[in-house]
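A.B. asks: Here it is: the structure, laid out below.
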Amino acid sequence: MTKVTMTVNGKAVSGDVEGRTLLSSFLREDQGLTGTHVGCDTSQCGACVVHVDGAAVKACTMLAAEADGAEVNTIEGQANADGSLNVIQQAFQDHHGLQCGFCTPGMVMSAAALLKDNPKPSEQEVRDYLEGNICRCTGYHNIVKAIMAASGQDVPAMAAE
Amino acid sequence: MPKDTGIGASTVRREDVRFLTGTGEYTDDIVLAKQTYAVFARSTVAHGTIKSIDTSAAEAMPGVLAVFTGEDFVEVGGNPAGWLINSRDGEPMKEPKRPVLAHGKVRHVGDAYAAVIAETIEQARDAVEAIEADIDELPAVVDMNDALSGSNFVHDEIETNQCFDWGWIEDNREATDNAIKNAHHVTTLELVNNRLVPNAMEPRASIGSYKASTGEYTLHTTSQNPHLTRLLISAFVLGIPENMLTVIAPDVGGGFGSKIYHYGEEALVLAAAKKLGRPVKWTADRTESFLTDAHGRDHVTKIELALDAEGNFLAFRTDTKANVGAYLSNFSTATPTFLHGTLMAGNYTVPLVYVNVKAVFTNTAPVDAYRGAGRPEATYSLERVIDKAARELGMDPIELRRKNFIKPDQYPYASAAGLEYDAGNYDALMDKMEEVADVAGFEARRQASEAKGLLRGFGVNAYIEACGIAPSNLVGVLGSRVGLYDAATVRVNATGNLSVMVGAHSHGQGHETAFPQVVAEMLGIDPAVIDIVHGDTSKIPFGMGTYGSRSLAVCGSAVVRATEKIINKAKKIAGHMLEASEHDITLSDGVFSVDGTDKSVTFGEVALKAYIPHEYPLEDIEPGLEETAFYDPANFTYPSGAYACEVEVDPDTGKVRVDRMTAVDDFGNVINPMIVTGQVHGGLAQGIGQALVENTSYDENGQLLSASYMDYTMPRADDMPMFAVDHSQGTLCTHNPLGVKGCGEAGAIGSPPTVVNAVIDALQSGGRNVTHIDMPVTPARVWDAMQNAK
């Protein structure tokens, strides 16, 4: 067992992990942060996306030991300080960008990473960026809308529906 | 204009807040005290005889608490088929036992033959590797023709691989044959409805727990219908008294059919929990999901359409082989028969329909209902052969459909496939589709595509489906072994807020938002004071759950009936409070008033009086304000639609891109347009996925080649266009109180033939006489078809 220490959602945490413990397991099982979901075993679905030192990372693809000393942010840390939904979360609710909710944490975390790098993405840029996040419920239409709305772009003008 | 909160309002979903903040509670998120972990040993061969299983090394591994094999479940029951189908000769279908763990033989890759319970999941995984299973591999039965002609049986005891040979409607067989023999024109099409994996993003998971002091079991599980799961486990599999088993389906991350069914893992964790006296948790990994979730579709079909010289449809004749896999999943026998054959008249006034379905056992994962369940297969066959007929006859595909549509003045309409359609207007849907899809502008878009070196095609489709499953009396006659009502309890609390307990389960459909809109509208109160409770058999009335686009049409109707009972009783209480007859009381905007006076009491005051019944006529009215209703529909509901698709095909690579997708649906009354539109979007993506990218591929040895997201292509954001969705042309369902029809499956039913029709149109426009390509229409298949048609 190895002791790891990291900052998760602004709070210092530590724990003893095996060498094989994934960051997703450490967050879910040791820290009880079950908002980070595991939907596949092959780094394909993106339900487990978190931010490690500001970069979007699939937490099922990183060892907990590799995140030692890092600053990790998860879906549980995304709301505003007063508990209200942040801009991206609110846009997902306003535009019905989620149904069963299982892929949603990864979608929100990926969206946040996208908008940090590209504050006004085109529809195609949003779709391309989400290539690593699978949603089975929404057909992506409303997720794309939500992300563009969160970026301050005029969404209703985009397409008939 | 839709109102802000009631019926017709696009109210944003209250459940979103927990999902967006990571505070949803899915089964794998739940941690019970002293929880242990189960991992299954699964067959790596498709077919084999179990000679011996040595678990001694596994039992000696660190942390291992118990090891189970099929031997441990020989004395308990099997997982049953929920629907009896009789063959054409009157013989009942073959129903081989489906055990909790394989015993004697393994019958598909992934078939579980043992399970290890350990302190940690890692220890359980390590110990499974130490199980010594001596399994003699047998030749695998994979191809359905081989299965029917050979003597290599998936289930030796039934001495055949044919589950049943079903005819519908058998009395029409000869007349249909004659109509086809004598017709002016017959169009024939052979096609494959490709096998799909539902792929809910949350893998299946179950936690069994047991309280020795009372004998009570609890199962947390990923289910679309917790009461049905409890019934199956209690009545057929483990024999646990129903009142000693609580089944809880908490937040569930999508289902699409795959979480309707009871699976052996649920029985195992319950049995193990009793043996160990500790909770036992199992969570599938994604490959386990691919190997063991019930798959969908997998039909091989020949369809013939007979027409007269004017293009009138005279008969449809369908010959289908339906793969049911290695075992009968709970509704696997209903899906290719009564959910498929009865829809084979489509939207049309065709006088004769005959469908023959042979269900076939193979050494593959069980196949059952997946989003649409039989109706996508029916629609695909019909709408592809109609398109082919239009091309053969030189007719416009829209006009040929219109010519044969049932007209609005013909309802109720008895279809040639045995259903009575209650309402619809298919021409209005087609008109709207032509407007929304801008059919008039297609030629200009085609020229623009051609200028880029791309072929553009236009595809159209009309569909009807049977939803709101189902009238129990009718399905009982047809072989269903369950009733298909649903139930709701409306509990008004003393302080005036409400809990509504519903039998339907929400795993993405937004019931927690939409059902309160209905109740709030009826009572004239704020939906924010209404809370929906679902998914826990200890809290909700006995309902049959969510599938077949039934939640609103069936459970929503139960909610209406229970709310009506509340209103009736509340009027009595209000009448007493206001010293007036209940018949003179009117409820409006949450206030009960005496007609023609200014006397009134609020809904909240009546609620308080019901629970603090001072000065209360106990001889006439019981205290309390809580009512339950069970609702069993009189008929199916019949959503219908007209869809259009435009694709661009790259003639150099065969790559197909969906450029425009239009869905115009008649769902009847719409409670929350935002949610309904979202349901259509999701269905469209699954249908486009089936048409273009998704395929479940077994090799000749029964190995699943597409058992991960590296190998099975899921539709991604960059595969999809923005969708155009319209539901302005609704005709009301005539037999349920809300006039609703159901919207969950429509997109997946209507889109696959639309996309394929568009691809064929594109290739034809490029001068290639390609008449059919099987789904998924991959670049390789398109390119091959183009080369062969040169």
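A.B. asks: Taking the range B:385-414 on its own, how many of its residues are surrounded by fewer than 23 Cβ atoms within 10 Å (Cβ to Cβ) and either within 28 Å of the chain's Cα centre (by Cα) or modelled with pLDDT under 95 (or both)?
C.D. replies: Here the count works out to 6.
A.B. asks: Can you tell which of B:Ser600, B:Ser640, B:Ser581 is among the hydroxyl-bearing types (Ser, Thr, Tyr) and under 30 Å from B:Val693 (Cα atoms)?
C.D. replies: Answer to the check: B:Ser640.
A.B. asks: Have a look at B:Thr246, B:Thr218, B:Thr229 and point out the one that is of a type in the set (S, T, N, Q), in a helix (DSSP H, G or I) and modelled with pLDDT of 95 or more.
C.D. replies: The conditions single out B:Thr229.
A.B. asks: Return yes or no: is B:Thr771 more than 23 Å from B:Gly374 (Cβ to Cβ), in contact with a Lys or Arg (Cβ under 7 Å, 6 or more places away or on another chain) and touching a residue at least 12 places away in the same chain (Cβ under 8 Å)?
C.D. replies: yes
Residue-wise test of (1) within 16 Å of the chain's Cα centre (by Cα); (2) buried (at least 24 other Cβ atoms within 10 Å of the Cβ).
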{"site": "B:Asn193", "(1), (2)": "no, yes"}
{"site": "B:Ile207", "(1), (2)": "no, yes"}
{"site": "B:Lys211", "(1), (2)": "no, no"}
{"site": "B:Glu216", "(1), (2)": "no, no"}
{"site": "B:Leu219", "(1), (2)": "no, yes"}
{"site": "B:Pro226", "(1), (2)": "yes, yes"}
{"site": "B:Thr229", "(1), (2)": "yes, yes"}
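A.B. asks: When you scan the range A:65-81, do you find a residue that is crowded, with 24+ Cβ neighbours inside 10 Å, more than 10 Å from chain B (Cβ to nearest Cβ) and small (Gly, Ala, Ser), even just one?
C.D. replies: yes
A.B. asks: Any chance the range A:144-151 includes a residue that's at the interface with chain B (Cβ under 10 Å from one of its Cβ atoms) and touching a Lys or Arg at 6+ places or on another chain (Cβ under 8 Å)?
C.D. replies: yes
A.B. asks: Out of the residues in the range B:710-720 meeting the condition of being touching a residue at least 12 places away in the same chain (Cβ under 8 Å) and crowded, with 21+ Cβ neighbours inside 10 Å, tell me which one is nearest to the other protein chains (Cβ to nearest Cβ).
C.D. replies: B:Met720
A.B. asks: Find the residue count for the range B:310-340, including only residues that are among the aliphatic types (A, V, I, L, M) and not in a strand (DSSP E or B).
C.D. replies: Counting residues in the range B:310-340 that are among the aliphatic types (A, V, I, L, M) and not in a strand (DSSP E or B) gives 4.
A.B. asks: Would you please name the residue that is nearest to the chain's Cα centre (by Cα), looking only at residues in the range B:641-684 that are among the β-branched types (Val, Ile, Thr), in a strand (DSSP E or B) and within 14 Å of chain A (Cβ to nearest Cβ)?
C.D. replies: My answer is B:Val664.
A.B. asks: How many residues does the range B:444-461 contain that are among the small types (Gly, Ala, Ser) and assigned to a strand (DSSP E or B)?
C.D. replies: 2
Listed here are the residues, each with its yes/no results for (1) closer than 30 Å to A:Glu18 by Cβ; (2) assigned by TED's automatic domain parsing to the domain that holds A:Asn9; (3) not small (Gly, Ala, Ser).
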{"residue": "A:Cys48", "(1), (2), (3)": "yes, yes, yes"}
{"residue": "A:His51", "(1), (2), (3)": "yes, yes, yes"}
{"residue": "A:Leu63", "(1), (2), (3)": "yes, yes, yes"}
{"residue": "A:Gly69", "(1), (2), (3)": "yes, yes, no"}
{"residue": "A:Val108", "(1), (2), (3)": "yes, no, yes"}
{"residue": "A:Ala113", "(1), (2), (3)": "yes, no, no"}
{"residue": "A:Pro121", "(1), (2), (3)": "no, no, yes"}
{"residue": "A:Gln124", "(1), (2), (3)": "no, no, yes"}
{"residue": "A:His141", "(1), (2), (3)": "no, no, yes"}
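A.B. asks: Failed condition for B:Arg491, given (1) under 30 Å from B:Gly346 (Cα atoms); (2) part of a strand (DSSP E or B), with all others met?
C.D. replies: The one condition B:Arg491 does not meet is (1).
A.B. asks: Can you tell me which residue within the range B:283-309, out of those that are assigned to a loop (DSSP other than H, G, I, E, B) and among the hydrophobic types (A, V, I, L, M, F, W, C), is surrounded by the fewest Cβ atoms within 10 Å (Cβ to Cβ)?
C.D. replies: The extreme case among them is B:Ala309.
A.B. asks: Then there's this: Restricting attention to the range B:382-415, which residues are among the hydrophobic types (A, V, I, L, M, F, W, C), closer than 16 Å to B:Phe458 by Cα and outside any helix (DSSP H, G or I)?
C.D. replies: B:Met395
A.B. asks: In the list A:Phe92, A:Phe26, which residue meets the criterion of being touching a residue at least 24 places away in the same chain (Cβ under 8 Å), within 10 Å of chain B (Cβ to nearest Cβ) and not hydroxyl-bearing (Ser, Thr, Tyr)?
C.D. replies: Within the list A:Phe92, A:Phe26, the selection yields A:Phe92.
A.B. asks: Separate question: Of the residues B:Thr586, B:Thr597, which single one is assigned to a strand (DSSP E or B), of a type in the set (S, T, N, Q) and at pLDDT 95 or above?
C.D. replies: B:Thr586
A.B. asks: If B:Gly374 passes every condition in (1) without any contact (Cβ under 8 Å) to a residue 60 or more places away in the chain; (2) farther than 30 Å from B:Trp83 by Cα; (3) of a type in the set (Gly, Ala, Ser) but one, which one does it miss?
C.D. replies: With respect to (1) without any contact (Cβ under 8 Å) to a residue 60 or more places away in the chain; (2) farther than 30 Å from B:Trp83 by Cα; (3) of a type in the set (Gly, Ala, Ser), B:Gly374 is out only on (2).
A.B. asks: I'd like the full set of residues that are at the interface with another protein chain (Cβ under 8 Å from one of its Cβ atoms), touching a residue at least 12 places away in the same chain (Cβ under 8 Å), over 14 Å from the mean Cα position of the chain (by Cα) and over 19 Å from A:Thr34 (Cβ atoms), limited to the range A:100-138.
C.D. replies: A:Glu123, A:Val126, A:Arg127, A:Arg136, A:Cys137, A:Thr138
A.B. asks: Enumerate the strands (runs of 3 or more DSSP E) found wholly within the range B:1-84, keeping only those where 1 or more residues are more than 26 Å from B:Val269 (Cβ to Cβ) and more than 29 Å from the chain's Cα centre (by Cα).
C.D. replies: Of the strands (runs of 3 or more DSSP E) lying wholly inside the range B:1-84, those with at least 1 residues that are more than 26 Å from B:Val269 (Cβ to Cβ) and more than 29 Å from the chain's Cα centre (by Cα) span B:48-54.
A.B. asks: Mind checking which residues of the range B:545-582 are farther than 30 Å from B:Ser472 by Cα, without any contact (Cβ under 8 Å) to a residue 40 or more places away in the chain and not in a loop (DSSP other than H, G, I, E, B)?
C.D. replies: Correct list: B:Lys571, B:Ala574, B:Gly575, B:Met577, B:Leu578, B:Glu582.
Residues are listed down the side, and each one gets a yes or a no for (1) closer than 21 Å to B:Gly104 by Cα; (2) of a type in the set (Ser, Thr, Tyr):
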position: B:Ile30; (1), (2): no, no
position: B:Ala38; (1), (2): no, no
position: B:Arg42; (1), (2): yes, no
position: B:Ser52; (1), (2): yes, yes
position: B:Ser56; (1), (2): yes, yes
position: B:Met61; (1), (2): no, no
position: B:Val67; (1), (2): yes, no
position: B:Asp72; (1), (2): yes, no
position: B:Glu75; (1), (2): yes, no
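A.B. asks: So B:Gly90 ticks every box in (1) part of a helix (DSSP H, G or I); (2) among the small types (Gly, Ala, Ser); (3) surrounded by fewer than 21 Cβ atoms within 10 Å (Cβ to Cβ) but one. Which box is left unticked?
C.D. replies: B:Gly90 satisfies every listed condition except (1).
A.B. asks: Quick one: in the range B:725-774, which of the residues that are among the aliphatic types (A, V, I, L, M) and more than 23 Å from the chain's Cα centre (by Cα) is farthest from B:Val518 (Cα to Cα)?
C.D. replies: B:Val770
A.B. asks: Let me ask something else about it. Here's a check for you: in the range B:258-287, which residue that is closer than 19 Å to B:His507 by Cβ and of a type in the set (S, T, N, Q) is farthest from the other protein chains (Cβ to nearest Cβ)?
C.D. replies: The qualifying residue farthest from the other protein chains (Cβ to nearest Cβ) is B:Ser258.
A.B. asks: Can you find a residue that is under 25 Å from B:Ser258 (Cβ atoms) and more than 14 Å from chain A (Cβ to nearest Cβ) anywhere in the range B:511-526?
C.D. replies: Within the range B:511-526, one or more residues are under 25 Å from B:Ser258 (Cβ atoms) and more than 14 Å from chain A (Cβ to nearest Cβ).
A.B. asks: For B:Gly479, state whether it is farther than 30 Å from B:Asn568 by Cβ and free of Cβ contacts under 8 Å to residues at least 40 places away in the same chain.
C.D. replies: no
The values are calculated or read from the model by the stated rules, or taken from the named source; none is laboratory data. Model, not experiment: these values are computed from the prediction. Glycine also receives a Cβ, built like all others from the backbone with ideal geometry; neighbour counts cover every protein chain displayed.
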